[in-house]
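No value in this document is a laboratory result; all are computed from the given coordinates. Bear in mind that the values here come from a model prediction, so they are computed numbers and not experimental data. Every residue, glycine among them, receives a Cβ derived from its backbone with ideal geometry; neighbour counts consider all protein chains shown.
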Amino acid sequence: MDCLFCKIANKEIPSRIITETENSIAFLDAFPVSRGHTLVIPKNHYEKVQDVTDVDNNDLFDTVHKVISKVDKLTGSTLLAIHNGKDSGQEIPHVHVHLIPRESDDQAGPVHSMFKNRPKFSDEELDKLCAKIKSS
């Protein structure tokens, strides 16, 4: 497999590691969007969050929980982001959690500002959508 994050996890390419456990690793993003932009990944390869085993999922989010307190000290506010699949913006098909320190003047805005053509739904459409997701 030619996965960049698997290579980082296996120490085949260098990275600026913040911490690691048996199942996950946190390191500075090589192409940061803010000072302290950190990625936390499972060491095993999974493309989507729903593919991650319970053991690796628990370890991944335990690591996120520990590292975010450190990252959050940089600015006092941190965005957590997970792109789950190519169409969501995932560029490397390996689960990764972004910890992005935010500042009031970074002009990134809230998540809703990413979507210019937001759909409008009636109450009935929302009820149907909710039922569909519940029954899946």
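Quick one: helix 54-75 against the long Cα principal axis of the chain, what's the angle to the nearest 10°, folded into 0 to 90?
80 degrees
Take GLU47 and SER88, extend 7 Å from each Cα along the Cα→Cβ direction, and tell me the distance between the two endpoints in nm.
1.4 nm
Convert 25 °C to kelvin, take the viscosity as 0.890 mPa s, use the Kirkwood radius over C-alpha pairs of region 1-81 as Rh, and evaluate the Stokes-Einstein diffusion coefficient in µm²/s, rounded to a whole number. The partial results should precede the final answer.
Details: Rh = 13.2 Å.
This corresponds to a translational diffusion coefficient of 187 µm²/s.
For every helix of n ≥ 4 consecutive DSSP H residues, a contribution of -39,500 (n - 2.57) applies; sum these over the chain, divide by its total residues, and give [θ] at 222 nm rounded to the nearest 500 deg cm²/dmol.
On the way: 3 runs with 41 residues, N = 136.
Taken over the chain, the calculation gives -9500 deg cm²/dmol.
Between ASP54 and ARG16, with labels modelled 7 Å along Cα→Cβ, what's the label distance in nm to one decimal, could you check?
3.8 nm
Just to confirm a number: summing +1 for Lys and Arg and -1 for Asp and Glu over residues other than ARG102 whose beta-carbon lies under 12 angstrom from that of ARG102, what do you get?
Values: positive: ARG35; negative: ASP72, GLU103, ASP105, ASP106.
Every neighbour counted, the sum reads -3.
With respect to the cross-link table entries LYS11/LYS48; LYS70/LYS120; LYS70/LYS116, which display a Cα-Cα separation exceeding 27 Å? Mind dumping the intermediate values first?
On the way: LYS11/LYS48 22 Å; LYS70/LYS120 39 Å; LYS70/LYS116 33 Å.
Too far apart for the 27 Å limit: LYS70/LYS120; LYS70/LYS116.
Among 99-110, 30-41, how do they line up by average Cβ neighbours within 10 Å per residue, starting with the highest? Don't jump to the answer; show the numbers that get you there.
Working: 99-110: 13.7, 30-41: 18.1.
Descending packing order for the listed peptides: 30-41, 99-110.
Label GLU124 and ASP72 with points 7 Å out from Cα along Cα→Cβ: what is the distance between them in nm?
Going from the GLU124 label point to the ASP72 one covers 4.3 nm.
Roughly how tilted is helix 123-135, in degrees to the nearest 10 and between 0 and 90, from the longest Cα axis of the chain?
So the inclination is approximately 50 degrees.
Given 25 °C and 0.890 mPa s, compute D for the chain with the Stokes-Einstein relation, Rh being the Kirkwood radius over Cα pairs; round to the nearest whole µm²/s. Display every interim value, and only then the final one.
Working: Rh = 16.6 Å.
Estimated diffusion coefficient is 148 µm²/s.
In a shell of Cβ-Cβ distance under 10 Å around ALA9, excluding ALA9 itself, what net charge do Lys and Arg (+1) and Asp and Glu (-1) give? Let's see the in-between values first.
Details: positive: LYS7, LYS11, LYS43; negative: GLU12, GLU20.
My count for the surroundings of ALA9 gives +1.
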